[in-house]
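Trainee: Mind having a look at this structure? Questions to follow.
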Amino acid sequence: MNEHLLTATNINRIFVSKQRSFTALDNINLTIGNHEFVSLLGPSGCGKSTFLRLVAGLDSASSGSLQMNGNNLDKPGRDRGVVFQQYSLLPWLLAWQNVAFALKKEKNMRAAEKKELAYHFLDLVGLNGFEEIYPSQMSGGMQQRVAIARALVIKPPLLLMDEPFGALDAQTRRDMQDLLVTIFKETRSSVLFVTHDVDEAVYLSDRVYVMATNPGRIAKQIDIHLSADKDWSIQLSEPFITYKKEILMELKKQKKNVHHSK
Amino acid sequence: MRFKLISVSGIILVLAVWSFVTYTGMVGSLFLPTPTAVILEAKKQVEDGIFFQDIWISFYRILIGFLLATLFALPIGVMMGTSKTWKAFWEPIVGFVRYMPVVAFIPMSILWFGTSDMQKFFIIFFGVFFQQVIMVADNCKTVKKSVVEVGLTLGLNRFEVIKDIVVKAAMPSIWDTLRTVWGWAWTYLVVAELVAATSGLGFRIMQAQRYLSTETIILGILTIGLLGLITDTIFGLLAKVMFPWHEKEKINN
Ligand SMILES: Nc1ncnc2c1ncn2[C@@H]1O[C@H](COP(=O)(O)OP(=O)(O)O)[C@@H](O)[C@H]1O
Ligand SMILES: [Mg+2]
């Protein structure tokens, strides 16, 4: 029985240059189930983006197998929506055109229909009334909302997000997290979420993979059981803090090890 | 507004110095004509009907030469800027030819095209085409990898990524390239009309040189300068209309 949407088995990614070869990912094994929200958490440089790019099909593993619904992932595809960290909107398109751009390959859809859908998804991410402006006229938070709308509009079974809120201020970041919780409940797509923020990971995820660096690897897997109807106040609850402690201890252990090995 | 005043005052200063050194006789009229002489020459040329005829024929030659060059340079430049294979193919040819002096090709061009307008188109084409190719290729190379990857993740193929993302993203800088090279095209005009021409601004200047008719030369030079300035302004205005998003981007950052 295989109910997993995504299965990564023994993934290695070694970057080879003339001077040296560098192991960015060392034997990664993980799964993402249907309707599951999975986070990769770890310090900068532990290979989070590298792994996400493999799943997005923008890069290939040196060895190992990466399958989605039993098919090998070796090129980008519309079954995976990607939200990059920043600067990913097309600056020459208006907000709604950026979203509709994702529907370019829908040959059977009329232009008016695409526009309607784009408007709908902008509404979903809270950008009602901002459809007709250029990315350069938006704040970072608004740009990221458009990027999310663009990723959602193709209704991908798997949503890949690489530190999507990393460049936002604390308040906007919290708003966006709540927005994501709401959207996730509605769309029920699976999410692979990359972050280095412990609270964010615990708040949003069903499962967190804590990664370690040098070589990039998975150090610990933590299943999170919080109410599906959570809101921000859950971050003050007992179980939330227990999860957080567990992750922080793991990260701390890593630091110590680095210290010893020096 | 303030900057417009500053610009105007710069022009006035040059005119003032010119007037001063010529009207006082500090510089002989053989070396530099007075503004009055140039204006009288302009009046005469307008009355003879050659003034606007020269402008038109020169403009026509530059335009056709430039458009032909652009027509070929755009696709080749984009190919070079987006594909290592095409770059490997075109780079030696373009890199080699672009250092050849245009003037040296005049005898060959007459041999090939006679004294027709084709010969003038060719000289202007030759002067700007290779620069355009190199610069357009560079414009495409500066497009951010992140927007290219957006296209890939949305399922676009290579050709679609180039057409719908790279070219669109590079368009404002490509336009700047065309604007710059259009300026150079005017400088090749005189070269194109150096020999085997019977009309045009460049021809008028070369002919006047034989009779040391300096007011005709200065008038020709000023006319070319003015036309260059006007067309450059048009390029700038069109950029604002075509790339409103780009203007806003500049202001915001
Ligand atoms: N294309 C590449 N070539 C060489 N090294 C790379 C490349 N991409 C990433 N790396 C290296 O792999 C490591 C992991 O990078 P990355 O996945 O971006 O980390 P993270 O996203 O967790 O901060 C880093 O040390 C980085 O320098
Ligand atoms: Mg990263």
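The values are calculated or read from the model by the stated rules, or taken from the named source; none is laboratory data. Computed from a prediction, not measured in an experiment: that's the story for all the values here. Positions of Cβ are backbone-derived with ideal geometry, glycine not excepted, and every protein chain shown enters the neighbour counts. These accessible areas exclude ligands, DNA and RNA; they are computed on the full protein's heavy atoms, side chains included. Shrake-Rupley method; radii C 1.70, N 1.55, O 1.52, S 1.80 Å.
Trainee: Taking amide hydrogens as modeled 1.01 Å from N in the peptide plane, which residues meet the under 5 Å criterion relative to A:V82, leaving out close sequence neighbours?
Mentor: Under 5 Å from the amide H of A:V82 lie the amide H atoms of A:L160, each far enough along the sequence or on another chain.
Trainee: Let me ask another. Show me, for segment A:112-122, the HN-Hα J-couplings you get by feeding each phi into the Karplus relation (A = 6.51, B = -1.76, C = 1.60, θ = phi - 60°), rounded to Hz, glycine and proline as x.
Mentor: So the Karplus estimates, Gly and Pro as x, are 5, 5, 4, 5, 4, 4, 4, 4, 4, 6, 5 Hz.
Trainee: Please label the shape of segment B:24-111 as rounded, prolate or oblate, based on the square roots a ≥ b ≥ c of the eigenvalues of the alpha-carbon gyration tensor (a/c under 1.5 means rounded; beyond that, a/b larger than b/c means prolate, else oblate).
Mentor: Prolate is the answer for segment B:24-111, as a/c is 1.5 or above and a/b outweighs b/c.
Trainee: I'd like to know which of A:L124, A:L103, A:G140 lies farthest towards the positive end of the charge dipole of segment A:93-143, counting +1 on Cβ of Lys and Arg and -1 on Cβ of Asp and Glu.
Mentor: A:L103
Trainee: If packing is taken as the average count of other Cβ atoms within 10 Å, what order do B:167-177, B:12-22, A:178-188 fall into, highest mean first?
Mentor: Packing proxy ranking, top to bottom: B:167-177, A:178-188, B:12-22.
Trainee: Shifting gears a bit: Average partner chain C-beta neighbours within 10 Å, per residue of A:49-61?
Mentor: 1
Trainee: What's the average, rounded to a whole number, of partner chain beta-carbon atoms within 10 Å of each residue's beta-carbon in B:192-199?
Mentor: 0
Trainee: Let me know the Rg and Dmax you get for segment B:49-246 when you use only its Cα atoms, in Å.
Mentor: Values for segment B:49-246 (Cα only, Rg and Dmax): 19.4, 68 Å.
Trainee: Tally up the carbon and sulfur contribution to the accessible surface of the protein assembly as shown as a whole percent, 1.4 Å probe, everything protein left in place.
Mentor: 62
Trainee: Per-residue counts of other Cβ atoms within 10 Å, averaged by peptide: what ranking do you get for A:58-67, A:18-27, B:2-11, A:155-164, highest first? Can you show the working numbers first?
Mentor: On the way: A:58-67: 15.3, A:18-27: 13.5, B:2-11: 8.7, A:155-164: 22.0.
So the order, starting with the most tightly packed, is A:155-164, A:58-67, A:18-27, B:2-11.
Trainee: With each label point set 7 Å from Cα along the Cα-Cβ vector, what nm distance links B:F72 and A:E106?
Mentor: Between B:F72 and A:E106, the label points sit 4.4 nm apart.
Trainee: To the nearest 10 Å², what's A:K104's accessible area with a 1.4 Å probe?
Mentor: 80
Trainee: Another one. Take every residue in peptide A:82-92, count the Cβ atoms of other chains within 10 Å of its Cβ, and give the average of those counts.
Mentor: 5
Trainee: Let me ask something else about it. Excluding ligands, DNA and RNA, what is the accessible area buried between chains A and B, summed over both sides, using a 1.4 Å probe, to the nearest 100 Å²?
Mentor: Roughly 2000 Å².
Trainee: State, in angstrom, two size descriptors of segment A:87-155 derived from its alpha carbons: Rg to one decimal place and Dmax to the nearest whole number.
Mentor: So, for segment A:87-155, Rg and Dmax equal 10.8, 34 Å respectively.
Trainee: Here's a follow-up. Once R0 is set to 25 Å, what does the formula 1/(1 + (r/R0)^6) return for the Cβ-Cβ distance between A:E186 and A:Q221, expressed as a FRET efficiency to the nearest 0.05?
Mentor: Once the sixth-power term is evaluated, E becomes 0.40.
Trainee: Rounded to the nearest 0.05, what FRET efficiency do B:L222 and B:V103 have when you use their Cβ-Cβ distance and R0 = 30 Å?
Mentor: It comes out at approximately 0.80.
Trainee: If I model a spin label as a point 7 Å beyond the Cα along the Cα-Cβ vector, how far apart are those points for B:I234 and B:N157 in nm?
Mentor: 3.9
Trainee: Quick one: which of A:5-13, B:86-94, B:184-192 comes out on top by average Cβ neighbours within 10 Å, and what's the full order, highest first?
Mentor: Answer by packing, highest mean first, reads B:184-192, A:5-13, B:86-94.
Trainee: Could you give P(r) for segment A:136-235, binned at 5 Å from zero, as whole percent values over all Cα-Cα pairs?
Mentor: That works out to 2, 11, 22, 24, 20, 13, 6, 2, 0, in percent per bin.
Trainee: Then there's this: For segment A:189-262, take the alpha-carbon Rg, divide it by the Kirkwood Rh, and send me Rg/Rh.
Mentor: In segment A:189-262, Rg relative to Rh is 1.01.
Trainee: Taking chain A, how much of its Cα-Cα pair set, in percent, is spaced more than 25 angstrom apart?
Mentor: So the pairs more than 25 Å apart make up 46 percent of the total in chain A.
Trainee: Turning to a different aspect of this structure: With every protein chain present, what is the per residue accessible area of segment A:87-155 (1.4 Å probe, Å²)?
Mentor: Ligands and nucleic acids excluded, the figure is 44 Å² per residue.
Trainee: Return a whole-number percent for the relative contact order of chain A, with Cα pairs under 8 Å and 6 or more residues apart as the contact set. Display every interim value, and only then the final one.
Mentor: Working: 474 pairs, mean separation 64.2, N = 262.
Relative contact order for chain A comes out at 25 percent.
Trainee: Can you give me the distance in nm between label points at B:L40 and B:Y211, each placed 7 Å from the Cα along the Cα-to-Cβ direction?
Mentor: It works out to 1.4 nm between the two label points.
Trainee: In a solvent-free Debye calculation with one equal scatterer on each Cα, what is log10 I(q)/I(0) for the protein assembly as shown at q = 0.08, 0.11 Å⁻¹, listed in the order of the q values?
Mentor: Calculated log10 I(q)/I(0) at the listed q: -0.70, -0.99.
Trainee: Taking B:K141 as the anchor, which aspartates and glutamates have their alpha carbon closer than 18 Å to its alpha carbon, excluding any fewer than eight residues away along the same chain?
Mentor: Leaving aside aspartates and glutamates fewer than 8 places away in the same chain, those within reach of B:K141 are B:E91, B:E149, B:E160, B:D164, B:D176.
Trainee: Would you mind checking segment A:193-231 for residues with the amide N under 18 Å from a putative spin-label position 7 Å along Cα→C-beta of A:I14?
Mentor: Backbone N within reach: A:214-218.
Trainee: Once the other residues with Cβ under 14 Å from the Cβ of B:F159 are scored (Lys, Arg +1; Asp, Glu -1), what is the net sum? Before the final figure, lay out the partial values.
Mentor: Working: positive: A:K104, A:K105, B:R158, B:K163, B:K168; negative: B:E160, B:D164.
Here the charged neighbours net out to +3.
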